[in-house]
1. Which condition does Ala110 not pass, out of (1) surrounded by fewer than 19 Cβ atoms within 10 Å (Cβ to Cβ); (2) in contact with a strand residue (DSSP E or B) (Cβ under 9 Å, 6 or more places away or on another chain), if it passes all the others?
2. Does at least one position in the stretch 167-178 carry a residue that is closer than 21 Å to Lys260 by Cβ and surrounded by 14 or more Cβ atoms within 10 Å (Cβ to Cβ)?
3. Residue under question is Val157, and the condition is that it be of a type outside the set (D, E, K, R), at pLDDT below 95, within 26 Å of Phe264 (Cβ to Cβ) and in contact with a Ser or Thr (Cβ under 8 Å, 6 or more places away or on another chain); does it hold?
4. Taking Glu230, is it assigned to a helix (DSSP H, G or I), modelled with pLDDT of 90 or more and closer than 30 Å to Ser133 by Cβ?
5. So for the stretch 12-21 (the condition being of a type in the set (Val, Ile, Thr) and at pLDDT 85 or above), does at least one residue qualify?
6. What about Ser111, is it at pLDDT below 95 and among the hydroxyl-bearing types (Ser, Thr, Tyr)?
Amino acid sequence: MMEKTLKKMDKTLEAEDVTLLKHMLNMELRHMQQENDIDILMLIGVDGRIFASLIPPQLTPQQFFMLNMIKAKKPNICGQLKQENLSLAIEKYREGLIIITGVGKNAFLASLFARDLDPTAMDDTVKKLLTGSAVLRHVFELGRMDSATLSKLPDEVAAELKKLSRQLFVEQFEHTRKYKKNTEILEFIRKKLSETVDIGQVDEIITLTFNEMGTSAPYMTDRLWGMFMEKVIENHIRKLRGDILADECIRTWIPELERKLRSFV
């Protein structure tokens, strides 16, 4: 039944534009930094561009040294990445540790630890960084987030991508094209209703219709908006204002709604 399906909808969001892509990459970087206690994280392209980074606003002497070290080594790492698909490299210095993990053929992740660490005791950290790099690669390469695609990925990578898409929904859904479109469509319907029924009835009709459909405005589709408009007219306007006005609404409102929905394509 449609109502039950909508109520059970898993609220996730894909990175559908550059802004959301950047936000999703930064979310994963923050997860990795917090989980692994990393001082500095940098996602760098094969051409040397820095796509995203987490750098403290004020650096300790050790952090400053490690940051300058990765900047100096960047051309060599980029050259190696161009020649072969670099997957992992670990370098230890007196001031700290650098772990390089490949993010596909076009980027790599530099994880900088500005303290004395034993590389031989970091298997768990390396495993997490490799998983995180695989997640970054999927996002960076605009991989799909549907169940069929995620089922082909390692379990830990798929689980992290699902968590990211849910978090992206919570943090950014109100800024998406879909949300803005649905807000405008709802205002269009609200205006039509206010010209037809008493002002006090407008919100009541809208609320009752959404309840009948088992959903709400942010999650509507073009097909659902068509159904919504028909229910508003048939279940409410026809009862309140009669058949003549309801038939006129069917004749004029539905085509207007369809034109407005097409204008967003």
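1. Going through the list (1) surrounded by fewer than 19 Cβ atoms within 10 Å (Cβ to Cβ); (2) in contact with a strand residue (DSSP E or B) (Cβ under 9 Å, 6 or more places away or on another chain), Ala110 breaks only (1).
2. Yes, the stretch 167-178 contains at least one residue that is closer than 21 Å to Lys260 by Cβ and surrounded by 14 or more Cβ atoms within 10 Å (Cβ to Cβ).
3. It is false that Val157 is of a type outside the set (D, E, K, R), at pLDDT below 95, within 26 Å of Phe264 (Cβ to Cβ) and in contact with a Ser or Thr (Cβ under 8 Å, 6 or more places away or on another chain).
4. Against the criterion (assigned to a helix (DSSP H, G or I), modelled with pLDDT of 90 or more and closer than 30 Å to Ser133 by Cβ), Glu230 does not qualify.
5. Checking the stretch 12-21: not a single residue is of a type in the set (Val, Ile, Thr) and at pLDDT 85 or above.
6. no
For (1) crowded, with 16+ Cβ neighbours inside 10 Å; (2) in contact (Cβ under 8 Å) with a residue 12 or more places away in the chain; (3) assigned by TED's automatic domain parsing to the domain that holds Glu141, each residue gets a yes or a no:
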site	(1), (2), (3)
Val46	yes, yes, yes
Gln58	no, no, yes
Glu84	no, no, yes
Tyr93	no, yes, yes
Gly96	yes, yes, yes
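Conditions (1) surrounded by fewer than 18 Cβ atoms within 10 Å (Cβ to Cβ); (2) within 24 Å of Phe169 (Cβ to Cβ), marked per residue:
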residue: Glu187; (1), (2): yes, yes
residue: Ser194; (1), (2): yes, no
residue: Val197; (1), (2): no, no
residue: Gly200; (1), (2): yes, no
residue: Glu212; (1), (2): yes, no
residue: Ile233; (1), (2): no, no
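The values are calculated or read from the model by the stated rules, or taken from the named source; none is laboratory data. The structure displayed is predicted, hence computed values, not measured ones. Note that each Cβ is placed from the backbone with ideal geometry, even for glycine, and that neighbours are counted across all protein chains shown.
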